[in-house]
Structure formats: structure tokens, C-alpha cells
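Asker: Sharing a structure, written as C-alpha cells. Questions coming.
Every number here is computed from the coordinates shown, using simple stated rules; none is lab data. Only a predicted model underlies this, so the values are computations on that prediction, with no experimental measurement involved. Cβ placement follows ideal geometry from the backbone for every residue including glycine, while neighbour counts extend to all protein chains displayed.
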């Protein structure tokens, strides 16, 4: 399994690589406990201690600008100064921080419980849009929420249960753009011969992110991500990727872990010079492209 790494840094920010099965920040309530599970922020704080002095939205988040799920790998932006973090927050609100993802998925015909009708106003050919609500045991998953009615009812017809303010972040839906929908895998894909389904490759883009947003949105349109058991899982033979591919799948030079999702690109404006910055990930860890 790869280790975290610093992709690039300036006096005001750093771009990090987060490997899979690592929390971006410590879990709530555990940051001050000795022996808590190491996080990307813990690793970063030992090498860039100024990141820990930055005041994030929560005391245990430091200068982390955005998170990736525990199972997801890829690029994470970190502020090294308070002024940089304030700038990045302002950029996020205006949609100026753009994040690109690659995902491997497979078709699933049945819709999981708790999802509203797919073509009820939140999905078109190039975008998926919704709010979100917690769902399931321990509220570990989320489900899309749409508001077609003035009273705040969602498509599951539960009047008033999910308020627009909390589910839609002040009325604005979270949008997943589909840059390359239902694409075929490149010729040089590496997949075990025993897998009977044909995975498809998505290139995706978000500007504002919610927990599990891409995972939930792809499951909503019937394409859960490879081995994402929380959102539809895929047939059992696809889970054999664990043993047959050493827990990785290679697509376009990218190595996918068991969860076939990778944060592979990021665009934003330098908080000091206001110049555009662009980072892309070609493989796990190295090589990297950056244009500063």
C-alpha cells in the first residue's frame, strides 16, 4: 500500500497524496486521544507543522481544505497559513476549486432502498444534482434528496423530515458532472479473467463536495463503484479483484484500490498570486504533473 506524500508545496499551501484506507483528518472526538488511528493530517503535521496552527472549521482539521473518504485515494489540498485557508474557502463557495475523479463502475439494474426516482429532476446526460440525507444503520451512508414541493417534501414523500437548509446547504444542490459517461475501459486494462461483468470508466468533476457524493450519485444512476459495498457492491465475482489483482486495478496508468475511485485532478487559484494552478495524478504516488 502506498504512503502519503507531498506532491507540491509553496509557502502558502501544499498538495498531498492520500492513500486508500487512511482518514483525511482524525475522527471527531479522537484527535486528542493517544493512540488514535493515524490520519493524513497527522502525517502532514509532522512534516509541515504550520498546517496544524491553521484554524479550520473544526479544531481537529487544521489547514485541510477538503476531505477524501477513507477508502478513496488521491489529491488533497492543505493550507499552510490562515490567509490561504480563508482564500480557499472563498474559492470553494464560488466554485473556483475544481476536482476531477476517475471511477470504475459496473451496471446494476435494481435501485437500492432510499433512493428517489432516478429521472425525477436530479439527473440529465451530463450532471447529477441533489442534496443529501444520512441513511442506514449508524447513518454511515447517504441518499439523494430532491425538493419538488414548496413544503420541503422529498421524493420519498416524507413531509418536513429533511429540511432544505440542512440537506441542500442553503438551497444549493451538490452537482457531479459526468465528463466521460459510460466509457469503455482502455485496451490496456488489467482485470482478472474470472470477472464476468464489464466495468465502465467514468471521468467526473465536482466543485463543492459532500460526504460520499460521487459514490452515492453513481449508485443512484445504476453504476455503483467497483467493490463499494456500501452503495450496491457489485456482483460477488467483481470482489475477486481483491485476490486476483493484489487489491488494485490498472486503468490509463492509474492504479485503483479495492474501491475504484481516485481523486486525480485539481484546479484552483494561488492564494497569494491569484495565478491558476493545476495538478494531475497519472499513477499512485509518481509520476506527477503540476503547472504552477
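Asker: Beta carbons within 10 angstrom, averaged per residue: use that to sort the peptides 264-277, 213-226, highest first.
Answerer: Ranking, from highest mean packing down: 213-226, 264-277.
Asker: Stretch residue 96-residue 47 to full length: gain in nm at 0.36 nm per residue minus the Cα-Cα span?
Answerer: Extra length from residue 96 to residue 47 when fully extended: 14.9 nm.
Asker: Can you work out the FRET efficiency for the pair residue 10 and residue 172, with r the C-beta to C-beta distance and R0 = 45 Å, to the nearest 0.05?
Answerer: Efficiency, rounded to the nearest 0.05: 0.90.
Asker: Right, another one. Points 7 angstrom from Cα along the Cβ direction at residue 37 and residue 270: gap in nanometres?
Answerer: 3.8
Asker: Note the direction-averaged projected area, equal to a quarter of the hull surface, for the Cα convex hull of segment 1-108, in nm².
Answerer: 8.3
Asker: Same structure again: Ranked highest first by the average count of other Cβ atoms within 10 Å around their residues, in what order do 39-49, 135-145 fall?
Answerer: Ranked by mean Cβ neighbours within 10 Å, highest first: 39-49, 135-145.
Asker: Let me ask you something else. What is the extension gain from residue 111 to residue 55, computed as 0.36 nm multiplied by their sequence separation minus the C-alpha to C-alpha distance, in nm to one decimal?
Answerer: Numbers: separation 56, 0.36 × 56 = 20.16 nm, distance 4.11 nm.
Going from the current span to full extension adds 16.0 nm.
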